[in-house]
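The values are calculated or read from the model by the stated rules, or taken from the named source; none is laboratory data. All of these numbers come straight from a predicted model, not from anything done at the bench. Using ideal geometry, Cβ is built from the backbone for each residue, glycine included, and neighbour counts are taken over all protein chains shown.
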Amino acid sequence: MTAVVAVDLGKTGCRALLLEGVGPTGDVHEVAGAPGLAAKDGVHTARAAVLSAVRPLLEGKLDPKLVTVCVGAAGAATAPEAARTMARLLLRDLPTAEVAVTSDAITAHAGALGGDTGVVLAIGTGAVAVGIGEGGDFARVDGWGPWLGDTGSGAWLGLAGLRASVRAHDGRGPGTALLAAAVERFGAVDRWPAAVTGDGNSARTAASFAPDIARLAAEGDEVAGAILQEAAAELAESVMAASRPLGDGTVDIALTGGLVGLGAPLMTPLRSALATFARPVRLRDALGTPLDGSRLLARSTSLPHESHVVRVRRDTPSDLDPVLPATPAAVSY
């Protein structure tokens, strides 16, 4: 029986799905994520996360014929050579005929719109808007990471909330319940710099504060509400910029990612911001997750997303050439 593995590798978590036959569901295994392919040692940390998620799914199986492992990875769009390097390494690591690597924004798009055209706004720890039109015409907006972009993301929200809390603590800004919430989550104020950067994934740590901001906004905290209003405005601008490949008609927009779970405190101002644009938009429920998108790309090379996927095959000798020196410490699992 043939099988494929779909992987959604984000900065917070890494989920892998083993699909045998043609069924839409299968076994899922989840582990911690990785900072991103563009980060320092990004290939090694991403590779370790993928292997930790995939290998348990293959244990004890009666040797299914693994056709493709498809990985949607944070950072693949801004580090395409790193994406190819990881694909070639995974081809050596796993008993598969092919490894496909693409941006997690591409798999989010494919999953949310079922492989159709439109704009998908993926908002989790990071934030990126992807528009794909007929023939694969493509626009990617933001997704530049927590230092240069990811505006309106969980990490952006968390840092905005912490900065507002610091200003309130110093007396440079208005009082806000965010300060007490941040102390409860991160400890005393003078410990926050170490708390945010201490685990090596500052974006993920900052994003953990986003639910507190949404809760306090819902309870009427004006500072928290203003932060979410600004996030919504920034996200709406990203969506409209990403609509460039889609002609002049109505733009189908789907939202995906963990930040959607914040609910009304973010979604209400985001819908209002989208409604201010002259171009007609149609906000749709996401049909599936980035993991579903990875599944679609694992099974098909005919979607409009294909030109943005790196594929390496075992029957292509150059794909098996050494690409990195052996560094066991960097590839521990």
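Listed values, structure above:
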| read-out | value |
| --- | --- |
| Per-region count, the range 67-119, residues hydroxyl-bearing (Ser, Thr, Tyr), within 18 Å of VAL50 (Cα to Cα) and within 17 Å of the chain's Cα centre (by Cα) | 3 |
| Lone unmet requirement of (1) in the same structural domain as GLY247 (by TED's automatic domain parsing); (2) surrounded by fewer than 24 Cβ atoms within 10 Å (Cβ to Cβ) for VAL128 | (2) |
| Restricting the range 58-70 to residues that are surrounded by fewer than 18 Cβ atoms within 10 Å (Cβ to Cβ) and not in a loop (DSSP other than H, G, I, E, B), the residue that is modelled with the highest pLDDT | VAL67 |
| Which listed residue is at pLDDT below 90 and either buried (at least 21 other Cβ atoms within 10 Å of the Cβ) or not in a helix (DSSP H, G or I) (or both), from ASP319, ASP315 | ASP315 |
| Members of the range 225-283 that are within 27 Å of LEU162 (Cβ to Cβ) and among the hydroxyl-bearing types (Ser, Thr, Tyr) | SER238, THR256, THR268, SER272 |
| Test: GLY200 is part of a loop (DSSP other than H, G, I, E, B), touching a residue at least 12 places away in the same chain (Cβ under 8 Å) and under 16 Å from the mean Cα position of the chain (by Cα) | no |
| The range 5-27, residues that are surrounded by fewer than 24 Cβ atoms within 10 Å (Cβ to Cβ), touching a residue at least 40 places away in the same chain (Cβ under 8 Å), part of a strand (DSSP E or B) and not charged (D, E, K, R) | LEU18, LEU19 |
| Odd one out for ARG167, checked against (1) surrounded by 22 or more Cβ atoms within 10 Å (Cβ to Cβ); (2) modelled with pLDDT of 95 or more; (3) of a type outside the set (Val, Ile, Thr); (4) in the same structural domain as LEU246 (by TED's automatic domain parsing) | (1) |
| Among (1) in a loop (DSSP other than H, G, I, E, B); (2) surrounded by fewer than 20 Cβ atoms within 10 Å (Cβ to Cβ); (3) touching a helix residue (DSSP H, G or I) at 6+ places or on another chain (Cβ under 7 Å), the one test that ALA139 misses | (1) |
